[in-house]
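Engineer: Attaching a single structure in structure tokens format; questions to follow.
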Amino acid sequence: MFVAQKPFSQFMVDAWRQDTDIGDGHIKRQIDDLLDILVVRSATHEIRELVEAVREKIFDLRFQLIDLFSAEGLTHAQFSDEIVAETVARYQTSSFSKLETLLTTSLALFNEIYSEFTEKTESKTFQDWAQLFSNEKPSFETIRMLELMPTAQGKIIANWIYSSLDSEACFIIALLIDDGEITFPKKKIEKELYPFFRESIISYGAHSLLTGLWEPEDDVLYGSEQLMNSIRIFHSSLQLEFNPGPKYSIDTLQKVFAKGA
């Protein structure tokens with residue numbers, strides 16, 4: 001059995017490298033399709049355009065992985081511990097390039113947001129999450145509809161999810177580069193991948209703050225005071241725009257996903 005206990009992005013990269021089927025084989029085919037697109041097109045396509053084009057694939061895969069992790073009985077504590085282990089391992093072997101440093105600090109950031117989100121939603125296992133959407137899973141079309149809604153609530157959730165998906169795609173590309181699976185010209189990393197990766201992480205952090213589903217505990221945790229400063233500055237600009245923006249609970253998110261408003 002292919003063990004699911006690892007961060008989503010690392011899980012997808014590892015699954016793509018292996019011939020082992022996952023479940024009924026459908027998830028493996030979806031992962032292979034996503035990774036093949038990223039590997040082949042990343043050399044010729046502008047990174048922002050490429051990443052935005054695979055948002056829906058990553059969105060759908062996340063719900064499939066939640067079901068898979070649920071079936072394997074994975075708890076959020078185990079998942080968080082694995083992210084910490086992955087972060088530490090990459091830090092210990094890092095050459096401390098800008099991209100590697102961003103990858104490592106972003107993993108730590110994601111883990112804290114993820115951990116606090118599970119606490120606030122009183123969720124202990126992936127089965128809890130799977131049951132939330134057992135009747136009907138949100139479609140990516142719902143997110144597109146939210147983006148077009150005139151209300152602040154819809155726009156905030158849409159942008160929060162978009163930045164999360166964009167960050168996930170950048171994680172995958174960065175992992176492939178870091179592990180030597182693909183070769184990127186240094187100029188493309190510096191001019192396209194790094195700036196967009198950083199922008200996506202900052203947006204995800206700022207929107208997580210805006211929703212009230214995350215409050216950072218310690219800037220030092222992420223190894224980058226500058227990154228946290230950028231998140232706080234963008235969060236402040238979002239507060240001005242949305243004055244200051246609605247706070248969310250898991251019930252709110254369920255209702256928004258269900259109604260698309």
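The values are calculated or read from the model by the stated rules, or taken from the named source; none is laboratory data. All of these numbers come straight from a predicted model, not from anything done at the bench. Note that each Cβ is placed from the backbone with ideal geometry, even for glycine, and that neighbours are counted across all protein chains shown.
Engineer: Exactly one of (1) surrounded by fewer than 16 Cβ atoms within 10 Å (Cβ to Cβ); (2) closer than 30 Å to Val39 by Cα; (3) touching a strand residue (DSSP E or B) at 6+ places or on another chain (Cβ under 8 Å) is unmet by Glu141. Its number?
Structural biologist: Among (1) surrounded by fewer than 16 Cβ atoms within 10 Å (Cβ to Cβ); (2) closer than 30 Å to Val39 by Cα; (3) touching a strand residue (DSSP E or B) at 6+ places or on another chain (Cβ under 8 Å), the lone unmet condition for Glu141 is (3).
Engineer: Then there is this: Of Ser164, Ser115, which residue is surrounded by 20 or more Cβ atoms within 10 Å (Cβ to Cβ) and of a type in the set (S, T, N, Q)?
Structural biologist: Values: Ser115 fails: surrounded by 20 or more Cβ atoms within 10 Å (Cβ to Cβ).
From the options Ser164, Ser115, the qualifying one is Ser164.
Engineer: Working only within region 216-261, note down all residues that are assigned to a loop (DSSP other than H, G, I, E, B) and either modelled with pLDDT under 65 or more than 25 Å from Leu99 (Cα to Cα) (or both). Can you show your working first?
Structural biologist: Kept after step one, since they are assigned to a loop (DSSP other than H, G, I, E, B), are these residues of region 216-261: 216-218, 223-224, 243-249, 260-261.
The answer is Asp218, Gly223, Asn243, Pro244, Gly245, Pro246, Lys247, Tyr248, Ser249, Gly260, Ala261.
Engineer: Do any residues in region 32-45 that are among the hydrophobic types (A, V, I, L, M, F, W, C) have Cβ atoms under 8 Å from those of residues that are not in a helix (DSSP H, G or I), where the two are at least six apart or on different chains, and which pairs are they?
Structural biologist: Leu34/Val54; Ile37/Val54; Leu38/Val54; Val39/Glu181; Val39/Ile182; Ala43/Ile182; Ala43/Phe184
Engineer: List the residue pairs whose Cβ atoms are under 8 Å apart, where the first residue sits in region 164-185 and is without any contact (Cβ under 8 Å) to a residue 24 or more places away in the chain and of a type outside the set (A, V, I, L, M), the second is in a helix (DSSP H, G or I) and surrounded by fewer than 24 Cβ atoms within 10 Å (Cβ to Cβ), and the two are 6 or more positions apart or on different chains.
Structural biologist: Thr183/Ile177
Engineer: For region 24-64, what are the residues that are farther than 13 Å from Leu165 by Cα and among the basic types (Lys, Arg)?
Structural biologist: Passing the criteria: Lys28, Arg29, Arg41.
Engineer: Considering only residues that are at pLDDT below 80 and not polar (S, T, N, Q), look in region 125-137 and name the one that is surrounded by the most Cβ atoms within 10 Å (Cβ to Cβ). Show your work before the answer.
Structural biologist: At the first step, the residues of region 125-137 found to be at pLDDT below 80 are 129, 132-137.
In the following step, the residues that additionally are not polar (S, T, N, Q) were identified as 129, 132-133, 136-137.
Working: Trp129: 20, Leu132: 17, Phe133: 15, Glu136: 8, Lys137: 17.
Only one residue fits best here, namely Trp129.
Engineer: Go through (1) over 23 Å from Val84 (Cα atoms); (2) touching a Gly at 6+ places or on another chain (Cβ under 9 Å); (3) at pLDDT 90 or above; (4) of a type in the set (A, V, I, L, M) one by one and return the number of the condition Ile156 breaks.
Structural biologist: Every condition holds for Ile156 apart from (3).
Engineer: If you don't mind, there's one more thing I want to ask. Kindly establish whether Ser106 is among the hydroxyl-bearing types (Ser, Thr, Tyr) and either modelled with pLDDT under 80 or part of a loop (DSSP other than H, G, I, E, B) (or both).
Structural biologist: no
Engineer: Name every residue in region 203-219 that is more than 19 Å from Phe242 (Cβ to Cβ) and either exposed (fewer than 15 other Cβ atoms within 10 Å of the Cβ) or touching a residue at least 60 places away in the same chain (Cβ under 8 Å) (or both), in order of residue number.
Structural biologist: Our first condition is that a residue be more than 19 Å from Phe242 (Cβ to Cβ); within region 203-219, this holds for 216-219.
Residues satisfying the conditions are Pro216, Glu217, Asp218.
Engineer: Of the conditions (1) surrounded by fewer than 20 Cβ atoms within 10 Å (Cβ to Cβ); (2) over 15 Å from Cys170 (Cα atoms), Ile22 fails just one. Which one is it?
Structural biologist: (1)
Engineer: Still on this structure, I have one more. Cβ contacts < 7 Å: first residue at negative phi, restricted to region 67-95; second residue polar (S, T, N, Q) and at pLDDT below 75, any location; separation 6+ or different chain. Result?
Structural biologist: Close Cβ pairs satisfying both conditions: Leu74/Gln5; Gln78/Gln5; Phe79/Gln5; Glu82/Gln5.
Engineer: Which of the residues belonging to region 27-70 are more than 21 Å from the chain's Cα centre (by Cα) and in a helix (DSSP H, G or I)?
Structural biologist: Val40
Engineer: When region 179-202 is examined, which residues are found to be buried (at least 18 other Cβ atoms within 10 Å of the Cβ) and assigned to a helix (DSSP H, G or I)? Spell out how you get there, then give the answer.
Structural biologist: Filtering region 179-202 for residues buried (at least 18 other Cβ atoms within 10 Å of the Cβ) gives 184, 189, 192-194, 196-198, 200-202.
Ile189, Glu192, Leu193, Tyr194, Phe196, Phe197, Arg198, Ser200, Ile201, Ile202, listed by residue number.
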